[in-house]
Amino acid sequence: MSIAQFAVSRPVAVVMRIAALVLLGIVCIGRLPVDLLPKVSLPTISVMTEWPNVAPEEIEAQITRPIERAASQVTGLYQVTSTSMQGISQVRVQLQWGTDIGQAAVEVLQLVQRAKRQFPVDQTLRDPIVNKFDPNQMPILVFGITGMKDTVKLRTLIDNQISPIIESADGVASATVTGGEQRAIVVDVDPERLRAHHIPLSKVISRLLAENLNLPAGIAKESDTEYTIRSLGWFVSPSEIAKMPLGTYNGQLISLGDVAAIRDSHSETRAYARLNSEPSVGLTITKQSAANTISTADSVFERVERVKQLYPELKFGLAFNQAAYIQDSVNNVRDAAILGGMLAVLILLFFLRNVRSTLVVALSIPTSIISTFALLYFCGFTINTMSLGGLALATGLIVDDAVVVLENIFRHIERDKKSPREAAVTGTMEIVSAVVASTWTVMVVFLPLLLIKGQAGQMFTQFALVVIFSLAVSLLDATTIVPMLATRFITTDAHQDPSEVSSKRGLLSGFFSWAGVVLGNLDATYRRGLEWALAHRKFTLIGAFALTACSFLLLPLIGKEMMPQSDSGDFNVGVKLPVGTALDTTNKEMSKIEKIVLSNPNVGTRFSSVETGRGPRSLTPYQSSLTVKLKDKRDQTTQQVMSDLRRQLMSLPGVNARPTQRDIVAQMMTGGNSSIEVDIFGDDLGELSRVSKEVMMSLRGIPGLENVDVGWEEAMPEIQWIVDRDKAQQLGVSFSEVANVIGTATNGTIATYYQEKGFQYPIIVQMPESRRKTAREMGNLVVRTGTFESGYNDVLLNQVAQPTYGYGPSQIDRMDRRRYVAVVGMPQGRASSEIQADIQKVMDSVKMPSGFYWDWGTNQKRQAEEFGGMGVAVLLAIALIYMLLASQFESLIHPLTILFSVPLAATGVILGLFLTGRTFGLTAFIGVLMLVGIVVKNGILLVDYTNQLRNRGMDRKQALLTAGPTRLRPILMTAAAAVFGMLPLALALGKGSEIQAPMATSVIGGLISSTFLTLFVVPAVYTVFDDIALFIQRKRKGSV
């Protein structure tokens, strides 16, 4: 029993199969998490080591280099980069795609443990921390909180009460607080009093640590009761701290209050935050790696509402919301898929001119799509723009098989006067081999994609499997549901034309009659055109070749980039002032910038941050950042707003303000942005600085390359205390003692923590700010107290060290164990490939010093690798299709006839991208890959039916003239349904659709050109290859 006979005779079984898949899909939809993109696991490991107060050059020599040498031995290494900053070393180990990052992290940890043997011996040097880099652990929400004039109380409230509430939300990894002033017990020591009482600064710290303790002291028993004994030494008030004894001098007890002023205040202000120009405290929410962004954000918002009820005076301003962008993007792609499905159904109605027939075909769209959600769930996938994009693009293809089968059933009813039941079985089985082969050609093109490593493989695996599964379900529907429903719902008179039957339906009669006239004229016109093409084969083939060749001349005019730039409706303004600018000055300049940004009517929320911190991502006192969220309803695009602000900000003297769009897609894929980077390599830091500045100035003239800057920071002004080691040794003072005294005096040292109501606040020992402005005042600090034998002669700082004013590097970057400086720019309004071509010309003219060279940044190298992998995937897909077709037709010649339609599609792809101004990237590559499978479907229908007619005894020309017009309508129906099904995606009507737009544009353009040319070129090519086959056969017979 054939599958069509089974479907016709067992309708209940067919319906139950449909119901089971749909029911399973409906259940799974509600359980699927929603995200912007599939999870991309970047194989990167970071090694962070802290050595407080040590200069970058010492960090590089003694910490970074040993770790680099060790990490370079890890299996699957791709690249090692590092940054050495003041007190911090960070080494990043990038691995080849496909490397087991868990195993690699263990290996790196073991290698770093060996490298520690080369580290210097210093108690302040901390153990290296090894972490796996995860782009999913990026901020998803940024709040600016206002409502209190006292920023110390506001910061304390958020630290102690609000942040823990937010962190308890499901999926939250951390709630980081920035800005405001942190409460602290400040001990301002008087250096003159310390000296007068012969007390070293280090003793103040050690005594505070020793006195502020609660210690267990054992157990005591009295009668039948057992008591725990504790010694309680925690300070109960700041006034008690002032009474803490430090020692005696001349028989007099010296307390801390005698040499220092103790105040309940805040730590030195090293950060400012403002929300819409009002002082605020920032709260940055980061989700857990495995958590879903949207559900995590919803949980956070629920906690925020709870906080508002507890503290009604607080106001929460939302400066950044990644979840909203994700939800909008997913909704837009979903709506595009629904609209595309509706357009595809209308196209079918136009061609079929029969409501019942259209509904029979259209039924395959919801059944296939809903069933696919079960695959997403069981494979552990998410609902994201790629999986929904796959469904949207597949919507127009899902109906292909059903259209071909139904059209063939109709043809048997009309031509052979068969009953609907007989026509359903005969028509289905006659076309089933061609339908299976054509569907397999689309499915097989995605198999190479599953083998590709790298970002393309991880990004598009879900896309590929969604298309494959939905098409597999649609193929099953076409061979079971369509013939089953045809026997029951196609109740028109078998001898009537569908338009005549449909004309009885009132309002639709005029439309169906007009459609019938149009299609009738189209059939006649095509038959005449096909006769001409077969009679003038050379002209037909030369014309097609010339058109394709001419289209390739436009290829250099189409830009290339990894992924299309997304528009999330917000951006950052990075601000840099001259090196050495004080934090307060930076804050004042930032206020001016905020006013300029506010003047733009499209700007909504503004959150500024001026701070200093630790780590490669931290800001310096002369840097700041402004996060800008635009209004949903605005007159300008994000790019236009940024361009306007860029021109205004250029008028500020001495201020380098760089508006940069927040590219969420690039951030999730790479952990950074979609910048273009040129790396300058060399050993001499001075020459590196000079050459990188020269390159920077040259690149700033390239159109479309904005915010060009160097990763190298100017030398920082320093007061360098040079220790006289010989004299220090004579006086019994070590270098670390000197460094610790200087560090405490200037930066302050957290000696211990003050406990209050379950919370702790740092007790900071420092010199008053007014007493650490000059090196002379610091020189009087006591490094070590004099002894009785020395006549109580204290060792002062200026006795063992002398200050000099100089400059030192703020950071040193290295790649593959060589120093380098990155020159970075952001592409704005122009394709990355075009900008890179201009950069290449500029760099060719730059004369590098001996031993220096330049190379593209990691993003550009990865892009070349990804494009190379996609090119291999396209070639492999063509090879697989050829093998499939050769097996189908049992011929090595006819598959070449069908594959001739592939280059014809290139014409439409190039023209489509060129006319729409879109770039050729990974998503467009996927569109080309899809086209390879789609366009051969039309050729299969033509060649398969031509061969059937010839096997029945018809001559070649007549078979082609019969097969062409016969297959014209199903070919046009499937092509038009696919084109209109993808049209909403190609129009990029909302957020997130920028990703799929180049893909849909490629498919639409290629499908239009290949469909039109295939109808004429493939029959002509068929005759050429058939002549070649006949010639070979005659030669073989002659040789025998």
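Throughout, read-outs are computed from the coordinates displayed, never taken from laboratory work. Note that the structure is a prediction, hence the values are computed from the model and not measured. We place every Cβ from the backbone using ideal geometry, glycine too, and count neighbours over all the protein chains shown.
Considering only the other residues whose Cβ falls under 11 Å of the Cβ of Leu111, what net charge follows from Lys and Arg at +1 and Asp and Glu at -1? Combined, the nearby Lys, Arg, Asp and Glu give +1.
Counting Lys and Arg as +1 and Asp and Glu as -1, each charge on the Cβ, what is the dipole of the chain about the Cα centre in debye, to the nearest 20?
Details: 96 positive and 91 negative charges, 600 e Å.
Magnitude of the dipole: close to 2880 debye.
Got a sec? Charge dipole of the chain, +1 on Cβ for Lys and Arg, -1 for Asp and Glu; which of Val579, Ala271, Thr296 is way out at the positive end? Most positive-ward Cα: Thr296.
Would you please put 697-704, 555-562 in order of how densely packed they are, using the mean number of other Cβ atoms within 10 angstrom per residue and starting with the highest?
Numbers: 697-704: 15.4, 555-562: 17.6.
My ranking of the peptides, most packed first, is 555-562, 697-704.
Where does the longest stretch of the chain lie that holds no chymotrypsin sites (Phe, Trp or Tyr not before Pro) found in a DSSP loop with 12 or fewer other Cβ atoms within 10 Å?
Values: sites that count: Phe788, Tyr792.
Longest stretch, sites excluded: 1-787.
Across the cross-link table entries Lys315/Lys588; Lys595/Lys629; Lys287/Lys592; Lys132/Lys861; Lys595/Lys631; Lys538/Lys957, which are compared at the Cα atoms, the separations over 26 Å belong to Lys287/Lys592. Evaluated with a Cβ-only charge set (Lys, Arg +1; Asp, Glu -1), segment 44-132 carries a dipole of roughly 180 debye about its Cα centre, given to the nearest 20.
Computed from Cα positions, the angle between helix 385-416 and the longest principal axis of the chain comes to roughly 10 degrees. Sparsely packed loop sites in segment 1-71 (the trypsin sites (Lys or Arg not before Pro) outside DSSP H, G, I, E and B with at most 13 other Cβ atoms within 10 Å) comprise Arg31.
Quick check: the angle from helix 832-845's long axis to the longest principal axis of the chain, C-alpha only, nearest 10 degrees? Approximately 60 degrees, to the nearest 10. Per residue of the chain, the DSSP helices (runs of n ≥ 4 H) give a summed -39500 (n - 2.57) that works out to -17500 deg cm²/dmol at 222 nm.
Relative to the longest principal axis of the Cα atoms of the chain, the long axis of helix 685-699 lies at roughly 40 degrees. Between segment 101-160 and segment 263-338, the C-alpha centres lie 21 angstrom from each other.
What does the net charge come to around Asn408 if you take all other residues with beta carbon closer than 14 Å to its beta carbon, with K and R at +1 and D and E at -1? Before the final figure, lay out each step's value.
Numbers: positive: Arg411, Arg415, Lys418, Arg967, Arg969; negative: Asp400, Asp401, Glu407, Glu414, Asp416, Glu422, Glu430, Asp944.
Combined, the nearby Lys, Arg, Asp and Glu give -3.
Straight-line reach from Lys203: taking Cα to Cα under 17 Å and skipping same-chain neighbours fewer than 8 places apart, the aspartates and glutamates in range are Asp188, Asp190, Glu192, Glu211, Asp258, Glu737, Asp794.
From the alpha carbon centroid of segment 685-746 to that of segment 359-427 is 67 Å. With the charge dipole of segment 135-270 set up from +1 on Lys and Arg Cβ and -1 on Asp and Glu Cβ about the Cα centre, the Cα lying farthest toward the positive end among the listed residues Pro216, Gly251, Val177 is that of Gly251. Note on the chain: Cα Rg divided by 2.2 N^0.38 Å, N the number of residues, gives 1.20. On full extension, the segment bounded by Lys861 and Ser2 gains 303.9 nm, given 0.36 nm per residue less the C-alpha separation. Distance between the C-alpha centres of segment 569-591 and segment 173-247: 38 Å, rounded to the whole angstrom.
Can you pull out the GluC sites (Glu not before Pro) in segment 814-902 whose DSSP state is coil and whose Cβ has at most 11 other Cβ atoms within 10 Å? Let's see the in-between values first.
Numbers: sites: Glu834, Glu865, Glu866, Glu890; in loops: Glu890.
Loop-located and lightly packed - Glu890.
Charged neighbours of Leu899, selected by a Cβ distance under 15 Å, balance to 0 (K, R count +1; D, E count -1).
In terms of surrounding Cβ atoms within a 10 Å radius of their Cβ, Ser850, Ser625 rank from fewest to most as Ser850, Ser625. How about segment 285-358: which GluC sites (Glu not before Pro) there lie in a loop by DSSP and see at most 12 other Cβ atoms within 10 Å? The qualifying sites are Glu313. From zero outward in steps of 10 Å, how is the percent of C-alpha pairs of segment 44-132 spread across the bins? All Cα pairs, binned at 10 Å, distribute as 19, 54, 23, 4 percent.
Once backbone amide H atoms are built at 1.01 Å from N, Ala801 has Asp724 as its partners under 5 Å, excluding neighbours fewer than 5 places away on the same chain.
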